[in-house]
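**Q** Here you go, one structure.
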Amino acid sequence: MAQLAEQPATTPPRIGKQGDPCVMVIFGAAGDLTGRMLIPALYNLAQAGLLSPDFAVVGVARAQLSNDDFKKRVRDEVERYCGNCIENKLWEWFENRFYYLPGNFGDDALYPQLKDLLAKIDQDHSTHQNFFYYLATAPSFFGPIVEKLAAAGLMEQANNHWRRVIIEKPFGHDLESAKTLNQQLLKVAEETQIYRIDHYLGKETVQNILAFRFANGIFEPVWNRRYIDHVQISVAETVGVEGRGSYFDQAGSMRDMVPNHIMQLISLTAMEPPISFDANAVRDEQAKILHAIQPLSDEEVLSRTVRGQYGDGTEEGTRVTAYRSEPDVPADSRTETFVAMKLLIDNWRWADVPFYLRTGKRMPVRNTHIVIQFRQAPFVLFRDTPVGHLMPNQLVLHIQPEEGISLQFAAKVPGPVMRLGTVDMNFEYQEYFGKQPSTGYERLLHDCMIGDQTLFQRADMVEAGWSVVNPILDIWKALPPRNFPNYASGTWGPKEADDLLERDGRRWRNFEK
């Protein structure tokens, strides 16, 4: 038995619970996600001392590679994405745990081979027969892979060992397919074994929403309809479809972003305090919010949702082409690359407080943020002063690219006359706590290793998100857009998105680069 129990002495003391002994099996290991995100995340966990010494990785993909080929390929990709981040001694320890198995995911013969390989690795690395499977594959493989794993006995849990599966989005393409996928998975696995991953929840600021709300006595008392005027959630991307034209044209921005990323941000922002940080206690409260979102009627879909598609424009001084000119996109595509909508949450805390959402591609900046706009203070005190109007206070949770929190408020401008200026108090994670190497997947992979499902979606949450989106998709399908493309690349979306807020006397908070 190999004796590789200790990590290199260069590894700093860990902060947090070390992951359980286990093997991570990556289906789709030859793809971009593995080299760009997953392996760097595992390496960062190793640097932090959060990987068990009894750990290994198995890559599974169609490409015919040897173990050495796989190790070289992964190292080349990690170096390409993170530069000089690799410490040779730690990497040597790390890559001694890499294995590769070529095969077709739909081939029944692959899974007995995998079972034999895992048995050998378990013996060599003392991984306690704990295995988790990361499905970095096309969605069509999610159900079949789990079924074949179960048929090979690779989902069975006994004698204190565990088996788990991580599934990447999308979780279905509509409500019916999401229900079908959940039923397919739950026939062969327990809900406690299924980890539906959303990498947005690996962001520090997203995780900090709960800490910010519930650990600070000055914010939670005003986190309700009495003090908050409205909430904005924006997920802006500067990129186009990045060579994924055939996939994206089938999905569109609504399916790609709203039922998962944006619904998670809504639920964390709006949820009631859980009774504990137990995974199901947190997810119970998130699910209540998703079920409380008022479904839109046919008329409300027309008046409270906006869709857009980018045309030609300029991005950082460079001319970029329209969506319909992207590779693998039909010249007459009706797929939306921008979505905006107004939703209401039908509960006591949020009654009559609109939640405005938007997400789009080819926008001026890459920026994800949540804006909490408070109700405007009464003007009566300032009626006989030069102050013309009062600006409402805004609390902004910045999620990417810079992670932090800012608070906007009014202050008197120095001088003999009463004049008000707007002031921003800014907190940035990197400036205050220092920069930590992160891909956004570290927390999520580590949570899977220790069995914490708090940041992973449950079946009912997935279906609740699709229940909000489905009526909108149905109307959009029945009434195709007539004016695509309707916004230029490098702008903040179609004019109708601004009108959506201006009709209510509000406007979007846009951030410049």
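**Q** So, restricting to strands (runs of 3 or more DSSP E) that lie completely within segment 288-379, which ones have at least 2 residues that are touching a residue at least 24 places away in the same chain (Cβ under 8 Å)?
**A** Ranges flagged: 305-308, 310-315, 338-344, 354-360, 367-374.
**Q** Just checking, which of VAL206, VAL241, VAL231 is surrounded by 15 or more Cβ atoms within 10 Å (Cβ to Cβ), at pLDDT 85 or above and not in a loop (DSSP other than H, G, I, E, B)?
**A** VAL231
**Q** I would also like to ask the following. List every residue pair whose Cβ atoms lie under 7 Å apart, where the two residues are 6 or more positions apart in sequence or sit on different chains, the first residue falls within segment 408-437 and is assigned by TED's automatic domain parsing to the domain that holds PHE212 and of a type in the set (S, T, N, Q), and the second residue, located anywhere, is surrounded by 13 or more Cβ atoms within 10 Å (Cβ to Cβ) and at pLDDT 75 or above.
**A** Listed pairs, sorted by first residue: GLN408/ASN393; GLN408/GLN394; THR422/MET391; THR422/GLN408; ASN426/GLY404; ASN426/SER406.
**Q** Condition check: hydrophobic (A, V, I, L, M, F, W, C) and either touching a Lys or Arg at 6+ places or on another chain (Cβ under 8 Å) or crowded, with 19+ Cβ neighbours inside 10 Å (or both). Does PHE212 satisfy that?
**A** The answer is no for PHE212.
**Q** In segment 463-495, how many are without any contact (Cβ under 8 Å) to a residue 24 or more places away in the chain and of a type in the set (Gly, Ala, Ser)?
**A** Matching residues across segment 463-495 total 1.
**Q** So, one more: Would you confirm whether or not segment 43-60 contains a residue that is modelled with pLDDT of 85 or more, in the same structural domain as ALA119 (by TED's automatic domain parsing) and out of contact with any helix residue (DSSP H, G or I) (no Cβ under 9 Å at 6 or more places or on another chain)?
**A** yes
**Q** Also, quick follow-up: Which residue pairs have Cβ atoms closer than 6 Å, lie 6 or more positions apart in sequence or on different chains, and pair a first residue in segment 33-46 that is among the acidic types (Asp, Glu) with a second residue that is surrounded by fewer than 22 Cβ atoms within 10 Å (Cβ to Cβ)?
**A** Every condition considered, no pair remains.
**Q** Which one of LEU343, LEU395 is closer than 30 Å to PRO471 by Cβ, modelled with pLDDT of 90 or more and either surrounded by fewer than 18 Cβ atoms within 10 Å (Cβ to Cβ) or in the same structural domain as ALA488 (by TED's automatic domain parsing) (or both)? Quick ask: steps written out before the conclusion?
**A** Details: LEU395 fails: closer than 30 Å to PRO471 by Cβ.
Only one candidate qualifies: LEU343.
**Q** Taking segment 266-282 as the search range and keeping residues that are surrounded by 17 or more Cβ atoms within 10 Å (Cβ to Cβ) and of a type in the set (A, V, I, L, M, F, W, C), which one is modelled with the lowest pLDDT?
**A** ALA279
**Q** Okay, next question. Take the residues in segment 136-176 that are polar (S, T, N, Q) and farther than 18 Å from VAL58 by Cα, then tell me which one is surrounded by the most Cβ atoms within 10 Å (Cβ to Cβ).
**A** Out of the qualifying residues, it is GLN157.
**Q** Return the residue satisfying two criteria in turn: it lies in segment 468-513 and is assigned by TED's automatic domain parsing to the domain that holds VAL301 and touching a helix residue (DSSP H, G or I) at 6+ places or on another chain (Cβ under 6 Å), and of such residues it is farthest from ILE289 (Cα to Cα).
**A** ILE475
**Q** Considering every residue within segment 255-265, establish whether at least one is surrounded by fewer than 18 Cβ atoms within 10 Å (Cβ to Cβ), part of a helix (DSSP H, G or I) and among the acidic types (Asp, Glu).
**A** no
**Q** Name every residue in segment 82-121 that is surrounded by 15 or more Cβ atoms within 10 Å (Cβ to Cβ), of a type outside the set (Ser, Thr, Tyr), in contact (Cβ under 8 Å) with a residue 60 or more places away in the chain and not in a loop (DSSP other than H, G, I, E, B), in order of residue number.
**A** CYS82, LEU90, TRP93, LEU114, LEU118, ILE121
**Q** Scan the helices (runs of 4 or more DSSP H) fully inside segment 404-482 and keep the ones with 2 or more residues being at pLDDT 90 or above.
**A** 442-450, 459-478
**Q** Also, I was wondering about something else. Being in a loop (DSSP other than H, G, I, E, B) and free of Cβ contacts under 8 Å to residues at least 60 places away in the same chain is the filter here, so list the residues in segment 139-176 that pass it.
**A** ALA152, GLY153, LEU154, MET155, GLU156, GLN157, ALA158, ASN159, ASN160, HIS161
**Q** OK, next. Is it the case that segment 210-231 has a residue that's of a type in the set (Asp, Glu) and closer than 24 Å to TYR356 by Cα?
**A** yes
The values are calculated or read from the model by the stated rules, or taken from the named source; none is laboratory data. Since the model is a prediction, treat every value here as computed from it, not as a measurement. We place every Cβ from the backbone using ideal geometry, glycine too, and count neighbours over all the protein chains shown.
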